[in-house]
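Engineer: Please read through the structure below; I'll follow up with questions.
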Amino acid sequence: MTRYGDDLAVVTVTYSPGDTLDRFLATLAEATTRPVEVVLADNGSTDGVPEAAARTHEHVTFLDTGGNLGYGGGANRGVAALPGSVGWVVVANPDLEWAPGSLDALLEAAKRHPRGGAFGPLIREPSGEVYPSARLLPSLGRGLGHAVFAKVWPGNPWTREYRQEKTSVAERTAGWLSGSCLLLRREAFDSVDGFDPRYFMYFEDVDLGDRLARAGWLNVYVPEAEVVHIGGVSTAKASNRMLAAHHSSAYRYLADRHRGPQWAPVLLAVRLGLGLRLRLLTRRG
């Protein structure tokens, strides 16, 4: 296994991020006292913003991924471009705003958890509401209950359990952490071959959290560190396609973990149910 140094780098996957990237970089400067290199793994931006940011900031590098590889694929390409001196990698959306000291708080938590592979901050919506970013892994029952009832009955027990909404806001381990902002121990990330590129968008973070845990690493929620996630800046332009990607990824996640002929009838029902849900949501949209 490759032995890495202790340097820090940030990889953010860009796809015409607009004005949000400036805030991301400006607030990142206050998030840590450590020197940090930033790689913009670009999936085909047309607004010129990532290229301009790389020209403006010496510590920012523009990396053309060669096409739209999706979030996980783009992140993998960015991490692979980092030198061996980098042992700590942040993978984050470009529409984040960092609270002062937030990245240093994640790094401090890493010292407390030597088997921690991924560390996630408390994520706030622009309204100030806390987003449930540290969750249980979706089982068939819990996942289906959440999928079927979340829109029509937000307070249903499956959604509450899955989202861990009633769990105290304290440092703890979780099944998975939101991929919108993750501090990753590069050794851990490499041990599971990074994100699974088959997940174009959505569930790549759920899958990563599960595989890290299976490999003996911990997913650690660190609410002492805070970020604000604006959300939807790039994906809002293609909401129906993003809905389709979400449902496709949900099915892939469950199918990957329920293999064999005995699961075929259940997975067929899941596929039909997700297809019906997608049609209803698309029509409503």
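Engineer: Within segment 15-44, which residues are in a helix (DSSP H, G or I), of a type in the set (Ser, Thr, Tyr) and under 26 Å from GLU108 (Cα atoms)? Can you show your working first?
Structural biologist: Keep residues of segment 15-44 that are in a helix (DSSP H, G or I), which gives 20-28.
Okay, now just the ones that are also of a type in the set (Ser, Thr, Tyr), so 20, 27.
The answer is THR27, and nothing else.
Engineer: Give me a count of the residues in segment 20-57 that are among the charged types (D, E, K, R) and without any contact (Cβ under 8 Å) to a residue 12 or more places away in the chain.
Structural biologist: If we filter segment 20-57 for residues that are among the charged types (D, E, K, R), which is where we start, we get 22-23, 30, 34, 37, 42, 47, 51, 55.
Filter once more, so that each one left must be without any contact (Cβ under 8 Å) to a residue 12 or more places away in the chain: 51, 55.
Of the residues in that region, 2 qualify.
Engineer: Looking at segment 244-262, which of its residues are part of a helix (DSSP H, G or I) and modelled with pLDDT of 75 or more? Working first, answer last.
Structural biologist: Initially, segment 244-262 is screened for residues part of a helix (DSSP H, G or I), giving 244-257, 261-262.
Scanning segment 244-262 gives SER248, SER249, ALA250, TYR251, ARG252, TYR253, LEU254, ALA255, ASP256, ARG257, PRO261, GLN262.
Engineer: For segment 171-216, give me each residue that is over 12 Å from VAL89 (Cβ atoms), among the acidic types (Asp, Glu) and in a helix (DSSP H, G or I).
Structural biologist: Listed by number, the residues that qualify are GLU204, ASP205, ASP207, ASP210.
Engineer: Can you name the residue in segment 22-37 that is more than 17 Å from the chain's Cα centre (by Cα) and within 21 Å of GLY74 (Cβ to Cβ) and is also surrounded by the most Cβ atoms within 10 Å (Cβ to Cβ) among such residues?
Structural biologist: LEU28
Engineer: OK, next. Mind listing whichever residues of segment 204-234 are under 21 Å from GLY74 (Cα atoms) and at pLDDT 95 or above?
Structural biologist: Taking segment 204-234 as the starting set, the residues that turn out to be under 21 Å from GLY74 (Cα atoms) are 204-212, 229-234.
If the condition is that a residue be under 21 Å from GLY74 (Cα atoms) and at pLDDT 95 or above, then GLU204, ASP205, VAL206, ASP207, LEU208, GLY209, ASP210, ARG211, LEU212, HIS229 are the ones that fit.
Engineer: ASP47 fails exactly one of the following numbered conditions: (1) surrounded by fewer than 22 Cβ atoms within 10 Å (Cβ to Cβ); (2) outside any loop (DSSP other than H, G, I, E, B). What is the number of that condition?
Structural biologist: (2)
Engineer: Oh, and also: Mind listing whichever residues of segment 67-87 are outside any helix (DSSP H, G or I), among the hydrophobic types (A, V, I, L, M, F, W, C) and touching a residue at least 60 places away in the same chain (Cβ under 8 Å)?
Structural biologist: At the first step, the residues of segment 67-87 found to be outside any helix (DSSP H, G or I) are 67-69, 81-87.
Add one more test, that the residue is among the hydrophobic types (A, V, I, L, M, F, W, C), and what stays is 69, 81-82, 86.
LEU69, LEU82, VAL86 - these are the residues of segment 67-87 that are outside any helix (DSSP H, G or I), among the hydrophobic types (A, V, I, L, M, F, W, C) and touching a residue at least 60 places away in the same chain (Cβ under 8 Å).
Engineer: Given (1) more than 16 Å from the chain's Cα centre (by Cα); (2) assigned to a strand (DSSP E or B), identify the lone condition not met by VAL90.
Structural biologist: Among (1) more than 16 Å from the chain's Cα centre (by Cα); (2) assigned to a strand (DSSP E or B), the lone unmet condition for VAL90 is (1).
The values are calculated or read from the model by the stated rules, or taken from the named source; none is laboratory data. This structure is a prediction, so every number in the text was calculated from the model and none was measured. All Cβ positions, glycine included, derive from the backbone under ideal geometry; neighbour counts span all protein chains shown.
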